[in-house]
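The values are calculated or read from the model by the stated rules, or taken from the named source; none is laboratory data. Everything numeric here is computed off the predicted structure, so don't read it as measured data. Please note: Cβ atoms are built from the backbone with ideal geometry, for glycine as well, and neighbour counts cover all protein chains shown. Ligands, DNA and RNA are excluded from the accessible area calculation, which covers all protein heavy atoms including side chains. Shrake-Rupley method; radii C 1.70, N 1.55, O 1.52, S 1.80 Å.
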Amino acid sequence: MAETYKLEIEQRSTFTQTVEYLDSQNQPVDLTGYSAAMQIRRTVESADALLSLTDDSGGGLIITPLLGKIEINIDAADTSSLPAGSFVYDLIISSASVSDRILQGRCIVSPAVTR
């Protein structure tokens, strides 16, 4: 079952958040061979994503397999393109045989004043 967590992103600022994926004994899950994807949308039903991240080179997600960690990195140019408001997101990991939604929730984007 996915954990629910509120992300708070500031426009025009670099956003970084590390997610640790742990098993029932609080030990890191080995993510060797897994890929990761995350999207932010206006609503669950929205056809278009406001932002899509992947673990591809430069895609905004970095997996550290043996530590069970996924780092979310959104650069200032991408946060600048996000509208201010309250949105939804989720983070999914997958391998050849498994797909798990590990994180989900609201994504609050606060507006930048200085331009």
Quiz item: In region 91-103, what residues are open to solvent by 50 Å² or more (accessible area, probe 1.4 Å) and under 12 Å from A37 (Cα atoms)?
Solution: I92, S99, D100, R101
Practice problem: Considering each residue of region 38-77, count those that are surrounded by fewer than 18 Cβ atoms within 10 Å (Cβ to Cβ) and in contact (Cβ under 8 Å) with a residue 60 or more places away in the chain, and give that number. | Solution: 2
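Across region 18-37, what is the total count of residues that are free of Cβ contacts under 8 Å to residues at least 60 places away in the same chain and either surrounded by 15 or more Cβ atoms within 10 Å (Cβ to Cβ) or charged (D, E, K, R) (or both)? First the steps, then the outcome.
Quick first cut of region 18-37, residues free of Cβ contacts under 8 Å to residues at least 60 places away in the same chain only: 18, 20, 22-30, 32, 36-37.
Still in the list and also either surrounded by 15 or more Cβ atoms within 10 Å (Cβ to Cβ) or charged (D, E, K, R) (or both): 20, 23, 28-30, 36-37.
Total satisfying the criteria: 7.
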Practice problem: Report, ordered by the first and then the second residue, all pairs with beta carbons closer than 7 Å, sequence separation of six or more or different chains, a first member in region 82-107 that is closer than 16 Å to M1 by Cα, and a second member that is among the aliphatic types (A, V, I, L, M) and surrounded by fewer than 16 Cβ atoms within 10 Å (Cβ to Cβ). | Solution: D90/A2; R101/A2; I102/A2; L103/A2; Q104/A2
Practice problem: Could you please find all residues in region 1-53 being assigned to a strand (DSSP E or B) and over 29 Å from R115 (Cα atoms)? | Solution: E3, T4, V19, E20, L22, P28, S35, A36, A37
Practice problem: Output the number of the condition that S95 fails; it satisfies all remaining conditions of (1) over 11 Å from the mean Cα position of the chain (by Cα); (2) under 14 Å from I40 (Cα atoms). | Solution: (2)
Quiz item: Residues of region 43-61 being farther than 23 Å from I108 by Cβ and under 13 Å from the mean Cα position of the chain (by Cα), which ones?
Solution: D55
Self-check item: Qualifying positions in region 54-86 - among the polar types (S, T, N, Q) and in a helix (DSSP H, G or I)
Solution: T79, S80, S81
Quiz item: Yes or no: F87 at pLDDT 95 or above, in contact with a helix residue (DSSP H, G or I) (Cβ under 9 Å, 6 or more places away or on another chain) and among the aromatic types (F, W, Y)?
Solution: no
